[in-house]
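Q: Dropping a structure here in structure tokens format, bear with me for questions.
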Amino acid sequence: MTNHQTSKNIWILVFVAALGYFVDIYDLIIFSIVRIKSFTDIGVPIANMRTEGEFVLNMQMGGLLIGGIIWGILGDKYGRLKVLFGSILLYSLANIANGFVQDVTSYAIIRFIAGIGLAGELGAGITLVSETMDRKNRGYGTMIVAGVGVLGAILAYFISEWFSWRTAYFVGGGMGLLLLLLRVGVFESGMFASMEKTGVQKGRIMMLFENKERFWRYLYCLCIGLPIWFVVGVLVTQAPEIGQALQAETVLSAGKGVMFTYIGISLGDFLAGVLAQIFKSRKKVVLVYQLLILLFSCIYLTRKGITETEFLWLAFLMGLGVGYWATFITIAAEQFGTNIRATVTTTAPNFVRGALIPSTIVYGVLVNYVGILWAAIIMLVFLTGIAIFALSKLKESFDRDLNFIEE
């Protein structure tokens, strides 16, 4: 480690990456929170709000999938730091632009651009922190990045409650631009700097598919994250419909549910990091979290006559179960060499988010045959089963030396 890469500088790096992910999460979910308000304001008929909302959200998701590939390759070719700040700049400007939209088409185009920007920050931040911190303690760094980051969802909820939807977008964009001023003292990964001096191939995404063993390693990394977004994107987001099937006393609030879920995810990320350090294993921690997902989700989906208080507690506990997000991305980072690591850690979370699309399609088909509750239970058992199997196929990577390349 060079002289300027002091302990203080390393923690500044962790702090900037954590704040970057905080703003990232805020901007990622703000549309879901202000959709009704914003559509009403720009004159979208009530009958069209669901379909137009799906269109805008899918545009954002498309941006995330494409952006994950673009930023990942750029991170391996030109450096993690350039991607970290480039992505923050792009999604911040896009969110400010979102505050001025007057029609659905421009709304969707700008959310697509924002999605591209939002795809890069977390992967670059986790890669930087993983490569910079001591291998025995890097789990603490990635834990802080994700644990602090998901709290952005809570701020998004309150800002949308206190201010207009346009102001909520301006706040998100403004926070990102302010964050760019904190880049003083942040340095590039020493591993990347050393690799850059060699002639090794960097950021060539086809490397993940040309070698059979490497391809399966990558696929297993993706599979361990599958249950996360099904819980958030279906079980909590569709709380009103699930509550109706459970004969809930009142209409369950998806907005409140999302907020409580993200509180659980934040706490879960911290606990996962601490437990991994205690047990010297990330795999054991992820296995425990998979079992927690099954337990709390099944309690939720079988709770007839559920009250709002019970729902919010269960949303929190399900969030706790899926709170291995940082551990999942850290495992992906530790499985691959420096010359392809940013590509993996940037594409993996975005491909897992994108996997929600086929998951919801299968879920929708099942609903027609077995009803909403059994469809959700079947999908959960299926997705966690895949995740546990994939986890068993990966090598433990807790204290692995990351200073290696993929041939």
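The values are calculated or read from the model by the stated rules, or taken from the named source; none is laboratory data. Just so we're clear, the structure is a prediction, and the values are computed from it rather than from any experiment. Every residue, glycine among them, receives a Cβ derived from its backbone with ideal geometry; neighbour counts consider all protein chains shown. Just so you know, the surface numbers come from the protein's heavy atoms only, side chains and all, with ligands and any DNA or RNA stripped out. Shrake-Rupley method; radii C 1.70, N 1.55, O 1.52, S 1.80 Å.
Q: Would you check if there is a residue in segment 184-191 being assigned to a helix (DSSP H, G or I), in contact with a helix residue (DSSP H, G or I) (Cβ under 6 Å, 6 or more places away or on another chain) and at pLDDT below 75?
A: Narrowing segment 184-191 to residues assigned to a helix (DSSP H, G or I): 190-191.
Filter once more, so that each one left must be in contact with a helix residue (DSSP H, G or I) (Cβ under 6 Å, 6 or more places away or on another chain): 191.
From what's left, at pLDDT below 75: 191.
Yes - at least one qualifying residue is present in segment 184-191.
Q: Those residues that are among the charged types (D, E, K, R) and open to solvent by 20 Å² or more (accessible area, probe 1.4 Å), I need them from segment 113-159; list them, please.
A: Asp134, Arg135, Lys136 - these are the residues of segment 113-159 that are among the charged types (D, E, K, R) and open to solvent by 20 Å² or more (accessible area, probe 1.4 Å).
Q: Can you name the residue in segment 334-361 that is under 12 Å from Asp76 (Cβ atoms) and small (Gly, Ala, Ser) and is also nearest to the chain's Cα centre (by Cα) among such residues? Don't jump to the end; show me each part of the working.
A: Of the residues in segment 334-361, the ones under 12 Å from Asp76 (Cβ atoms) are 336-347.
If we keep only those that are small (Gly, Ala, Ser) as well, we get 337, 342.
Details: Gly337: 22, Ala342: 15 Å.
Among those residues, the one meeting the criterion is Ala342.
Q: When the residues of segment 385-407 are narrowed to those that are out of contact with any helix residue (DSSP H, G or I) (no Cβ under 6 Å at 6 or more places or on another chain) and not in a loop (DSSP other than H, G, I, E, B), which ends up modelled with the lowest pLDDT?
A: Only one residue fits best here, namely Ser392.
Q: With respect to Gly173, determine if the residue is in a helix (DSSP H, G or I), open to solvent by less than 10 Å² (accessible area, probe 1.4 Å), closer than 30 Å to Lys37 by Cα and at pLDDT 85 or above.
A: On the way: in a helix (DSSP H, G or I): yes; open to solvent by less than 10 Å² (accessible area, probe 1.4 Å): yes; closer than 30 Å to Lys37 by Cα: yes; at pLDDT 85 or above: yes.
So Gly173 passes the test.
Q: Something else about it: Is there a residue being open to solvent by less than 30 Å² (accessible area, probe 1.4 Å) and more than 25 Å from Leu181 (Cβ to Cβ) anywhere in segment 85-95?
A: no
Q: Another one. The conditions are (1) free of Cβ contacts under 8 Å to residues at least 40 places away in the same chain; (2) on the phi > 0 side of the Ramachandran plot, and Gly305 fails exactly one of them. Which is it?
A: The one condition Gly305 does not meet is (1).
Q: Within segment 252-264, can you find the residues that are assigned to a helix (DSSP H, G or I) and open to solvent by less than 10 Å² (accessible area, probe 1.4 Å)?
A: Those that are assigned to a helix (DSSP H, G or I) and open to solvent by less than 10 Å² (accessible area, probe 1.4 Å): Gly257, Thr261, Tyr262, Gly264.
This table checks each residue for (1) modelled with pLDDT under 80; (2) assigned to a helix (DSSP H, G or I); (3) farther than 22 Å from Tyr157 by Cα; (4) under 18 Å from the mean Cα position of the chain (by Cα).
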| position | (1), (2), (3), (4) |
| --- | --- |
| Val23 | no, yes, no, yes |
| Ile30 | no, yes, no, yes |
| Arg35 | yes, yes, no, no |
| Phe39 | no, yes, no, no |
| Gly53 | yes, yes, no, no |
| Met61 | no, yes, no, yes |
| Leu89 | no, yes, yes, no |
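Q: Given the structure, is Phe311 open to solvent by less than 30 Å² (accessible area, probe 1.4 Å) and either within 27 Å of Phe270 (Cα to Cα) or in contact with a Gly (Cβ under 8 Å, 6 or more places away or on another chain) (or both)? Walk me through it before giving the result.
A: On the way: open to solvent by less than 30 Å² (accessible area, probe 1.4 Å): yes; either within 27 Å of Phe270 (Cα to Cα) or in contact with a Gly (Cβ under 8 Å, 6 or more places away or on another chain) (or both): yes.
In short, yes.
Q: May I pose another question? Against the definition (among the charged types (D, E, K, R) and open to solvent by 40 Å² or more (accessible area, probe 1.4 Å)), how does Glu249 come out, yes or no? Show your work before the answer.
A: Values: among the charged types (D, E, K, R): yes; open to solvent by 40 Å² or more (accessible area, probe 1.4 Å): yes.
Yes; evaluated as a whole, the condition is true for this residue.
Q: Quick one: how many residues across segment 265-281 are in a helix (DSSP H, G or I) and more than 12 Å from Gly149 (Cα to Cα)?
A: Going through segment 265-281, the residues in a helix (DSSP H, G or I) turn out to be 265-279.
Still in the running and more than 12 Å from Gly149 (Cα to Cα): 268, 271-279.
Adding up the residues that qualify gives 10.
Q: Let me ask something else about it. So, restricting to helices (runs of 4 or more DSSP H) that lie completely within segment 95-155, which ones have at least 1 residues that are in contact with a Lys or Arg (Cβ under 6 Å, 6 or more places away or on another chain)? Walk me through it before giving the result.
A: Values: elements: 104-118, 121-132, 138-149.
In segment 95-155, the matching helices (runs of 4 or more DSSP H) lie at 121-132.
Q: Another question, if that's okay. Quick check: anything in segment 306-323 in contact with a helix residue (DSSP H, G or I) (Cβ under 6 Å, 6 or more places away or on another chain) and outside any helix (DSSP H, G or I)?
A: Within segment 306-323 (the criterion being in contact with a helix residue (DSSP H, G or I) (Cβ under 6 Å, 6 or more places away or on another chain) and outside any helix (DSSP H, G or I)), the answer is yes, since at least one residue qualifies.
Q: Could you please let me know if Val288 is outside any helix (DSSP H, G or I), without any contact (Cβ under 8 Å) to a residue 40 or more places away in the chain and open to solvent by 70 Å² or more (accessible area, probe 1.4 Å)? Explain how you work it out, then say what you get.
A: On the way: outside any helix (DSSP H, G or I): no; without any contact (Cβ under 8 Å) to a residue 40 or more places away in the chain: yes; open to solvent by 70 Å² or more (accessible area, probe 1.4 Å): yes.
Considered against the rule, which asks whether it is outside any helix (DSSP H, G or I), without any contact (Cβ under 8 Å) to a residue 40 or more places away in the chain and open to solvent by 70 Å² or more (accessible area, probe 1.4 Å), Val288 comes out as no.
Q: Taking the condition part of a helix (DSSP H, G or I), at pLDDT below 90 and β-branched (Val, Ile, Thr), does Val234 pass?
A: Judged against the criteria, Val234 is a match.
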